[in-house]
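Q: Take this structure first; my questions come after.
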Amino acid sequence: MNNLILIIIASALINNVVLSQFLGICSFLGVSKQMKASASLGGAVIFVITIASAVASLLYDYVLAPLGLDYMKTIVFILVIAALVQIVEMFLKKTSPGIYRALGIYLPLITTNCAVLGVALTNVQDGYNFIESVLSGFGTAVGYTIAIVLLASIRTRIHEEDLPAPLRGAPIVLISAALMSIAFMGFSGLSL
């Protein structure tokens, strides 16, 4: 049980997919302008990464590896992720058109978000079983959500400040993200 909790903590904080592994940066920087859109994207990413980790683990363990097709894992995982994102997109379009419009192009881009594919591939590489893969995926997605919501709250605050002209816009956002990354590096000292 302790090992499973450690997988979640390590995935969310110590090896944060955005701030430590630098995967999923495009949506992290693009959607973090508004708190609601960031939280919504975080929820969508939690769903997609968790389910993609589960399905990828099952496909790899029971289809690809036994048939000697493990070289096809990247293509198969991309197809699984694309299907899951389509389901999320249809659900949001039907139930929450405002959130669907706020996420804009970044919702379909979850399909190509390297964080989602990276988690599925890392789970296979680390030899995680089904439960460990699901928890690793969930922890990673929670870490992504924490990071994007934190950046959205920082950007909301920064927008209200009077900054020198050279720092306005992208420069201050990148500086903020870099400082967040440095702060999250402090978690690497945890002895798990």
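Q: Which residue fluctuates the most in the chain, going by a Gaussian network model with Cα springs under 10 Å, if the choices are LEU117, LEU41, LEU163?
A: Maximum fluctuation in the GNM of the chain, among the listed residues, is at LEU163.
Q: What's the magnitude of the charge dipole for the stretch 27-189 around its Cα centre, counting Lys and Arg as +1 and Asp and Glu as -1 at the beta-carbon? Answer in Debye, nearest 20.
A: Approximately 540 debye in magnitude.
Q: Also: So, counting K/R as plus one and D/E as minus one, what does the shell of residues with Cβ under 15 Å around ASN123 add up to?
A: Net charge in that neighbourhood comes out at -3.
Q: While we're looking at this one, here's another question. Once each part is reduced to its C-alpha centroid, what is the distance from the stretch 157-179 to the stretch 25-72 in angstrom?
A: 30 Å
Q: Given springs between every Cα pair under 10 Å in a Gaussian network model of the chain, which of ASN129, ASN15, ASN113 has the largest fluctuation?
A: Ranking ASN129, ASN15, ASN113 by mean-square fluctuation puts ASN129 first.
Q: Across the chain, where is the longest run that never hits trypsin sites (Lys or Arg not before Pro) in a DSSP loop with at most 15 other C-beta atoms within 10 Å?
A: Details: sites that count: LYS33, ARG168.
Answer - 34-167.
Q: Under 11 Å from the Cβ of LEU103, count the other residues' Cβ atoms, weight Lys and Arg +1, Asp and Glu -1, and hand me the total.
A: It works out to a net charge of +2.
Q: For Cα pairs less than 8 Å apart in space and 6+ apart in sequence, what is the mean separation divided by the residue count of the stretch 48-176, i.e. the relative contact order in percent? Please list the in-between numbers first.
A: On the way: 88 pairs, mean separation 45.1, N = 129.
This gives 35 percent for the stretch 48-176.
Q: For the chain, list the DSSP H helices whose alpha carbon atoms reach 20 Å or more along the long axis and whose average Kyte-Doolittle value is -0.5 or above?
A: 35-59, 73-95, 130-159, 170-185
Every number in this text was worked out from the coordinates using simple rules, so none of it is lab data. For clarity, every value in this text was computed on a predicted model and none was experimentally measured. Every residue, glycine as well, gets a Cβ built from its backbone with ideal geometry; the counts of neighbours run over all protein chains shown.
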